[in-house]
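Q: Just passing along the structure, written as structure tokens.
The values are calculated or read from the model by the stated rules, or taken from the named source; none is laboratory data. Here the structure is a predicted model, which means the values were calculated and not measured. All Cβ positions, even for glycine, are placed from backbone atoms using ideal geometry, and neighbour counts span all protein chains on display.
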Amino acid sequence: MSLDGQMTAWAVSGRPGTADRVVPVTRPVPEPGPGEVLVRVRACGVCRTDLHLADHELAPKAAGVVPGHEGVGEVVALGASVTRFAVGDRVGVAWLRRTCGQCRWCRSGRENLCLRSAYTGWDADGCFAPYAVVPAAYAYRIPTDLPDTDAAPLLCAGIIGYRALVAADLPPGGRLGIYGFGASAHLTAQIAIAQGAEVHVLTRGRDARRLALELGARSAGRADDDPPVPLDSAILFAPAGDLVPVALAALDQAGTLAVAGIHLSDIPPLDYQRHLFRERRLRSVTANTRADGETLLRLAQTLRLRPHVTPYPFARTGDALEDLARGRVTGAAVVVVP
Ligand SMILES: [Zn+2]
Ligand SMILES: [Zn+2]
């Protein structure tokens with residue numbers, strides 16, 4: 001922060017699909033409103049959703065918004081009536097930013113489906129910035145033994161992957177297929193393997209297949225290969241709708257395919273007998289609840305989850321997004337803020 005309270009942040013430019021999809025902008029350091037805390041950001045993970053936003057695959061809600069919803073940093077100021085955190089606490093800023101707390105979805109423990117929810121980096125500025133504000137009730141306490149750069153990818157990639165794993169309804173010791181192997185998938189695979197699952201990874205990237213085997217996957221093939229065994233469950237992380245029939249056909253009977261992404265290209269026609277009959281199920285995963293986040297952060301400690309991180313200096317935030325767009329990131333890209 002300079003003396004006049006200005007900072008340089010990375011904002012969506014309105015030039016989707018180009019290497020300049022986000023550009024540096026000068027903004028005032030935000031002030032925490034009632035119930036909010038001001039966070040000095042030290043690291044922020046780069047999520048595929050940031051790309052979907054900057055590339056207008058998700059309809060923009062605020063022009064020139066600052067993306068970044070896997071922020072880790074230190075609380076430096078408190079808004080009115082904040083008691084949950086103190087100045088100096090280390091917190092995580094995640095995708096789910098606000099829910100109404102009153103609708104039937106919120107009241108039944110399904111706040112991820114709240115129709116009046118708001119999201120960091122979509123409805124409000126996120127953490128590709130030296131400072132960000134977050135409602136205290138939606139921030140996470142970060143386990144002390146996790147470095148900032150390891151904690152950052154847990155905040156969306158980790159949480160969504162965990163919710164997708166639960167949604168995929170994997171039986172204990174079951175066979176899980178993972179389609180696409182980016183930040184979220186490589187964390188989910190670690191959880192599933194630590195819990196005793198047999199994991200088969202199907203992805204186009206050669207480096208990603210190598211990482212999958214290093215992390216303990218039983219097999220790693222190309223995205224449209226047949227896995228070596230019928231799958232009890234599968235998770236589709238790649239935003240590719242043409243893999244939906246491929247993954248459904250790889251399921252054993254009664255198997256479940258969970259689609260983890262917020263955006264998916266068109267799904268080709270399904271054949272009822274081949275893809276769905278024998279009680280196969282296809283379901284989506286929409287955002288997460290705060291309970292999912294707390295559970296994932298606990299699991300990360302217990303299971304010693306360690307993301308495979310590619311760090312980028314803050315000045316190269318745009319390059320991190322471009323590398324992700326071009327499939328050049330193995331594991332999770334994390335921007336390190338000075
Ligand atoms: Zn609600
Ligand atoms: Zn995300």
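Q: Working carefully through the options Leu297, Leu303, find the one that is touching a residue at least 40 places away in the same chain (Cβ under 8 Å) and in contact with a helix residue (DSSP H, G or I) (Cβ under 6 Å, 6 or more places away or on another chain). Give the steps one after another, and end with the answer.
A: On the way: Leu297 fails: in contact with a helix residue (DSSP H, G or I) (Cβ under 6 Å, 6 or more places away or on another chain).
Sole residue among the options that is touching a residue at least 40 places away in the same chain (Cβ under 8 Å) and in contact with a helix residue (DSSP H, G or I) (Cβ under 6 Å, 6 or more places away or on another chain): Leu303.
Q: Looking at region 222-234, which of its residues are surrounded by fewer than 17 Cβ atoms within 10 Å (Cβ to Cβ) and either without any contact (Cβ under 8 Å) to a residue 40 or more places away in the chain or of a type in the set (S, T, N, Q) (or both)? Spell out how you get there, then give the answer.
A: Step one: list which residues in region 222-234 are surrounded by fewer than 17 Cβ atoms within 10 Å (Cβ to Cβ), which gives 222, 224-226, 228-230.
Listed by number, the residues that qualify are Arg222, Asp224, Asp225, Asp226, Pro228.
Q: Quickly run through region 172-194 and pick out the residues that are over 23 Å from Gly45 (Cβ atoms) and in a loop (DSSP other than H, G, I, E, B).
A: Within region 172-194, Pro172, Gly173, Gly174 meet the criteria.
Q: Okay, moving on. Among Glu57, Glu74, which is of a type in the set (Asp, Glu), surrounded by fewer than 22 Cβ atoms within 10 Å (Cβ to Cβ) and touching a helix residue (DSSP H, G or I) at 6+ places or on another chain (Cβ under 9 Å)?
A: Details: Glu74 fails: touching a helix residue (DSSP H, G or I) at 6+ places or on another chain (Cβ under 9 Å).
Every option except Glu57 fails the conditions.
Q: Scan region 102-138 for residues that are within 16 Å of ligand 2 (Cβ to nearest atom) and of a type in the set (S, T, N, Q) and jot them down.
A: Residues of region 102-138 that are within 16 Å of ligand 2 (Cβ to nearest atom), as a first pass: 112, 117-128, 132, 134, 138.
Listed by number, the residues that qualify are Asn112, Ser117, Thr120.
Q: Scan Asp242, Asp224 and give me the residue that is at pLDDT 95 or above and farther than 30 Å from Ala118 by Cβ.
A: On the way: Asp224 fails: at pLDDT 95 or above.
None of the others qualify; the one that does is Asp242.
Q: Asp20 is checked against (1) within 21 Å of Pro311 (Cα to Cα); (2) more than 16 Å from ligand 2 (Cβ to nearest atom); (3) assigned to a strand (DSSP E or B) and fails just one. What number does that condition carry?
A: Of (1) within 21 Å of Pro311 (Cα to Cα); (2) more than 16 Å from ligand 2 (Cβ to nearest atom); (3) assigned to a strand (DSSP E or B), only one is false for Asp20: (3).
The rows are residues; the columns are (1) of a type in the set (A, V, I, L, M, F, W, C); (2) within 20 Å of the chain's Cα centre (by Cα).
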{"site": "Pro153", "(1), (2)": "no, yes"}
{"site": "Gly161", "(1), (2)": "no, yes"}
{"site": "Leu170", "(1), (2)": "yes, no"}
{"site": "Ala185", "(1), (2)": "yes, yes"}
{"site": "Ala189", "(1), (2)": "yes, yes"}
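Q: A further question on this structure: Just need a number here: residues in region 122-149 that are acidic (Asp, Glu) and farther than 22 Å from Trp10 by Cβ. Spell out the reasoning first.
A: Kept after step one, since they are acidic (Asp, Glu), are these residues of region 122-149: 123, 125, 145, 148.
Filter once more, so that each one left must be farther than 22 Å from Trp10 by Cβ: 145.
Here the count works out to 1.
Q: Determine, yes or no, whether Val329 is surrounded by fewer than 21 Cβ atoms within 10 Å (Cβ to Cβ), hydrophobic (A, V, I, L, M, F, W, C) and within 17 Å of Leu154 (Cα to Cα).
A: Values: surrounded by fewer than 21 Cβ atoms within 10 Å (Cβ to Cβ): no; hydrophobic (A, V, I, L, M, F, W, C): yes; within 17 Å of Leu154 (Cα to Cα): yes.
No.
Q: What's the number of the condition Val334 fails, among (1) out of contact with any Lys or Arg (no Cβ under 9 Å at 6 or more places or on another chain); (2) modelled with pLDDT under 95; (3) closer than 30 Å to Ala59 by Cβ?
A: (2)
Q: Given the residues Val66, Val46, Val87, Val93, which is the only one that is of a type outside the set (Gly, Ala, Ser) and either over 17 Å from the mean Cα position of the chain (by Cα) or away from ligand 2 (no atom under 16 Å from the Cβ) (or both)?
A: Working: Val66 fails: either over 17 Å from the mean Cα position of the chain (by Cα) or away from ligand 2 (no atom under 16 Å from the Cβ) (or both); Val46 fails: either over 17 Å from the mean Cα position of the chain (by Cα) or away from ligand 2 (no atom under 16 Å from the Cβ) (or both); Val93 fails: either over 17 Å from the mean Cα position of the chain (by Cα) or away from ligand 2 (no atom under 16 Å from the Cβ) (or both).
Just a single option satisfies the conditions, and that option is Val87.
Q: A further question on this structure: Can you tell me which residue within region 98-129, out of those that are in a strand (DSSP E or B) and within 14 Å of the chain's Cα centre (by Cα), is farthest from ligand 1 (Cβ to nearest atom)? I'd like the intermediate steps shown before the answer.
A: Going through region 98-129, the residues in a strand (DSSP E or B) turn out to be 98, 118-120, 124.
With the extra rule that they be within 14 Å of the chain's Cα centre (by Cα), the set shrinks to 119-120.
Details: Tyr119: 14, Thr120: 17 Å.
My answer is Thr120.
Q: From Asp150, Asp169, which residue is more than 12 Å from ligand 2 (Cβ to nearest atom) and part of a loop (DSSP other than H, G, I, E, B)?
A: Working: Asp150 fails: part of a loop (DSSP other than H, G, I, E, B).
Criteria check complete, one pass: Asp169.
Q: Here is a further query. Let me confirm something: among Gly64, Gly88, Gly35, which residue is at positive phi, surrounded by fewer than 24 Cβ atoms within 10 Å (Cβ to Cβ), free of Cβ contacts under 8 Å to residues at least 24 places away in the same chain and more than 16 Å from ligand 1 (Cβ to nearest atom)? Reasoning before the result, please.
A: Numbers: Gly64 fails: free of Cβ contacts under 8 Å to residues at least 24 places away in the same chain; Gly35 fails: free of Cβ contacts under 8 Å to residues at least 24 places away in the same chain.
Of Gly64, Gly88, Gly35, the one residue that is at positive phi, surrounded by fewer than 24 Cβ atoms within 10 Å (Cβ to Cβ), free of Cβ contacts under 8 Å to residues at least 24 places away in the same chain and more than 16 Å from ligand 1 (Cβ to nearest atom) is Gly88.
Q: Being loosely packed, with under 11 Cβ neighbours inside 10 Å and among the small types (Gly, Ala, Ser) is the filter here; which residues of region 91-119 pass it?
A: Start the filter on region 91-119 by keeping residues that are loosely packed, with under 11 Cβ neighbours inside 10 Å, which leaves 102, 104, 108-109, 115.
The answer is Ser108, Gly109.
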